[in-house]
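Okay, structure first, notes after.
The values are calculated or read from the model by the stated rules, or taken from the named source; none is laboratory data. These numbers come from a predicted model, not from an experiment. Don't worry about glycine lacking a Cβ; one is built from the backbone with ideal geometry, like all the others, and counts go over all protein chains shown. With ligands, DNA and RNA removed, areas are computed over all heavy atoms of the protein, side chains included. Shrake-Rupley method; radii C 1.70, N 1.55, O 1.52, S 1.80 Å.
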Amino acid sequence: MKLSRLALAVALLPAAHLYAADKTEEAIKLSETVITANRTAEERKDSTAAVTVFTRADIDRLQPVNVADLLGRVPGVQIQQSGGRGSTTGVFIRGTKTAQTLVLIDGVRVGSASSGGASLQHLNLEQIERVEVLRGARSAVYGSDAIGGVIQIFTRRSAGEGLQGRVRLAAGNKGVRERSAGVSGGDENTRFNLSASLDEMTGFDRTHNSYSSDADHDAYRNKAISFSLSHVFNEQFSAGVNVLDQRGKTEYDNPFGRFDMNTFTSFAAQPYDEYAVSSTSVFAELQANEQLTSRLELGHSEDKGSSYDKLFAGRDDFDTYRDSAAWLNTLAINTQHTVLAGVDYTKDKLHSTEDFEKDSRWNQAVFIQHSYKGEVFGTELGLRHDKNQQFGSENTWNAALSLPVGQSNEFVLSYAEGFRAPTFNDLYYPMYGNPNLKAEKSKSYELQLRSQLADTVRLETSIYQTKIRDQIQYQANNDLRNVEARINGFEASLQHEVFAAQGALNLSLVDSRDRKTGHQLPRIAKRTLSYDLDKQFGAFGVGGTWRLASKSFNDAKNNQQIAGFGTMDVRGSWQATQDLGVDLRLANIFDKGYTRAMYSYDGESYGYREDRFTVLLGMTWTPNL
């Protein structure tokens, strides 16, 4: 990696918030800390970003079926699936599209360099310790892709000192079988975790019939393993490694069949994909003194997919290999002033059976950010310079002003810029790509209000506007072009505890439009609402989730409407002994039929069916060894 003198100078500067590696491991367990906002652990109340945090305890309590199910509880986040568990999944944060959200696993960028999205549908919840969802642009800290927000997933960590085991078995209708096992432990200096899981389901028919081959059930299989190890060598130096690997097979429907380019006719098809998604991160951290900390992070991720058809020979491969490096430096000048500075480097390599004109590119960046926390107000100011092999240089910056009002309220006013380089599919995919596409650029304005209404009641609201220049949008008939987009939004989250019941009410209003045509951007509903409520009765726990979404459109011209929907889930748990727990989840209890995405071709459309009523009974054993 070649760095300019400026990059080297910035790399040697200190960074934002002082913490040691063992403290970071502890922060991953805590709900009142945030790591993603400034790439360092800080108190949630000190962060200017709108962030939602799910700890392992939250995941166990809410019993989501997958990562998409968990993310659907975040205000401002909408999920698009193509037929339930294991199907292609999109995440739309604040009216932006999937490729405009950056996804990290243990700090490592993951995702496909061809499609632009991350394979969230294949991330097994049993391998996850914590999920953070940052809403709003963060390109000044992370660079490309962080226009809508950032999702960071932390792999499973040690439960504490000593040696602990973990075994889980679960079964449900539609042939669902879940099996996982793990062991973790350590002492005050060393922590480790090793986990493995296998999920399978026979599935259901994801579309209405067109060809008879579409009438089959679409199965899914996921094998996963994760490993984490961290060690504090002394008071100044610590290091660690995190590994996640998930692979398997997913079947799906293509209602229009396989198209023959020679005869211009379609034939019945039974497609399926084999996938492998992995990430590896290594870190070393040196605490030079009480103020200065320097951290080096190295990462490698892979997103590999091969498409097959049971009725035809051959396959299509789209494999992404991504290497990354980051040097983060921290200077805590005093209790009020902190500085974050560093260098980022990434290189993407695409291997495919398709003929892409270009299949690799690198990106270098330097950034610096200053934060001030005073009694009367706080500020944050960040600047980043990216140099991309294909698109040249780009500068982005962000600024925030926080104003406490009394002891219980705070206003946060912020501005942030973002950008995203087109993917290889956008530019070079045969008969689809447009090599003349420009990089997307955004400007976002936001006003937050955070209010502690009572000891157990907290309200967080945001009103925002995002303008995106040169948004890459598919129109129709392989027409991919740059458009101008405008997104206005409001979101509110009410966290409360009443009569010892824990509740979370999340509301989102989004108006996302093509500024030229006035059409609503595809697959984004104007209104979404979710409510989680859980209560513990000694060893027994009960809870439920209610979700509503208004209609949306599947296409840029708003001709194909996706109907709104509402679902209700209920759950229960029983801690039978100190080591043994039992849980039961009933999802979509009213057996609602609905769709979140459609498949369209030549004027015809098919909706992908989502799961109707499902039941899952599980047992978890966590012995001390």
Violations at 26 Å Cα threshold for listed pairs LYS29/LYS592; LYS304/LYS592; LYS97/LYS557 -> LYS29/LYS592; LYS304/LYS592
Rounded to the nearest Å, the spacing of the alpha-carbon centers of region 555-623 and region 459-474 is 27 Å
Amide H neighbours of ARG523 at under 5 Å, excluding residues fewer than 5 places away on the same chain, with H built from the backbone geometry, are PHE553, ASN554, ASP555
With the label point 7 Å along the Cα-to-beta-carbon line of PHE613 and a cut-off under 16 Å to each amide N, the hits in region 580-596 are 585-594
Distribution output for region 431-570: share of Cα-Cα pairs per 10 Å bin in percent, first bin at 0, values 11, 29, 28, 19, 10, 3, 0
Diffusion coefficient in µm²/s returned for the chain by Stokes-Einstein, Kirkwood Rh over C-alpha pairs, 25 °C and 0.890 mPa s, is 98 µm²/s
Env charge @ SER408, Cβ radius under 14 Å, K,R +1 / D,E -1, value 0
Taking the alpha-carbon centre of each part, the distance from region 118-138 to region 148-175 in Å is 12 Å
The relative contact order of the chain, taking Cα pairs under 8 Å that sit 6 or more residues apart, comes to a percentage of 13 percent
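Taking K and R as +1 and D and E as -1, what net charge do the other residues with C-beta under 9 Å from the C-beta of LEU169 add up to? Please report the intermediate quantities before stating the final value.
Details: positive: ARG168, ARG177, ARG179; negative: GLU178.
Taking every other residue near LEU169 into account, the sum is +2.
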With +1 at each Lys and Arg Cβ and -1 at each Asp and Glu Cβ, the charge dipole magnitude of the chain around its Cα centre, to the nearest 20 debye, comes out at 1060 debye
For the chain, the per residue accessible area (1.4 Å probe, Å²) is 43 Å²
Per residue, the convex hull enclosing the alpha carbons of region 153-260 has a volume in Å³ of 122 Å³
Hits in region 514-532: amide N under 19 Å from the 7 Å Cα→Cβ extension of TRP546, namely 527-532
In nm, the gap between the two label points placed 7 Å beyond Cα toward Cβ at ASN395 and SER307 is 4.2 nm
Stretched fully, the stretch from ASP46 through GLN236 gains (0.36 nm per residue minus C-alpha distance, one decimal, in nm) 65.9 nm
Any lysines whose Cα falls less than 20 Å from that of LYS373, other than same-chain ones fewer than 8 residues away, would be LYS45
For ALA288 and HIS496, extending 7 Å from Cα along the Cα-Cβ vector and measuring point to point gives, in nm, a value of 5.1 nm
Neighbours of GLU446 by Cβ distance under 13 Å: Lys/Arg at +1, Asp/Glu at -1, summed charge +2
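Which value, in Å³ per residue, describes the convex hull spanned by the Cα atoms of region 530-590?
Output value, Cα hull per residue: 94 Å³.
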One finds the C-alpha centres of region 47-63 and region 276-321 to be spaced, in Å, by 24 Å
